[in-house]
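These notes concern the structure reproduced below.
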Amino acid sequence: MIVMLTQDLSKGFAPWKEMYLENKDQLNSLGGKLIFAVPHKDHNNKMMVLMEFDSPESVSYTHLTLPTKA
């Protein structure tokens with residue numbers, strides 16, 4: 001299952017990328033995999049992400065405990 005996420009960021013793309021890299025293993029263990037992430041070309045505080053999940057259950061935000069510092 002592929003999911004597209006658009007998100008507004010308060011501190012730009014770099015802190016989000018750092019947060020993702022710090023938590024990549026946890027996301028993978030929950031059945032999630034990052035396919036593509038990019039900031040908007042005209043606005044570094046907006047981004048788009050494509051992720052693949054093993055199942056609809058693995059998308060459930062109740063399972064994700066990633067920090068929200070980005």
Accessible heavy-atom area order of Lys33, Lys46, Lys11, highest first, probe of 1.4 Å: Lys11, Lys33, Lys46
Pairwise label distance in nanometres, Leu50 with Asp8, each label 7 Å out on the Cα-Cβ vector: 2.6 nm
In degrees, nearest ten, helix 13-29 long axis to first principal axis of the chain (Cα): 10 degrees
Calculated log10 I(q)/I(0) by the Debye sum over Cα atoms at q = 0.14, 0.21 Å⁻¹ (choose from (i) -0.58, -0.88; (ii) -0.41, -0.91; (iii) -0.35, -0.81), label: (ii)
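The values are calculated or read from the model by the stated rules, or taken from the named source; none is laboratory data. Note that this is a predicted model, so its numbers are computed, not measured. Positions of Cβ are generated from backbone atoms using ideal geometry, with glycine treated the same way; all protein chains shown enter the neighbour counts. Remember, those area values only see protein heavy atoms, side chains included, never the ligands or the DNA or RNA. Shrake-Rupley method; radii C 1.70, N 1.55, O 1.52, S 1.80 Å.
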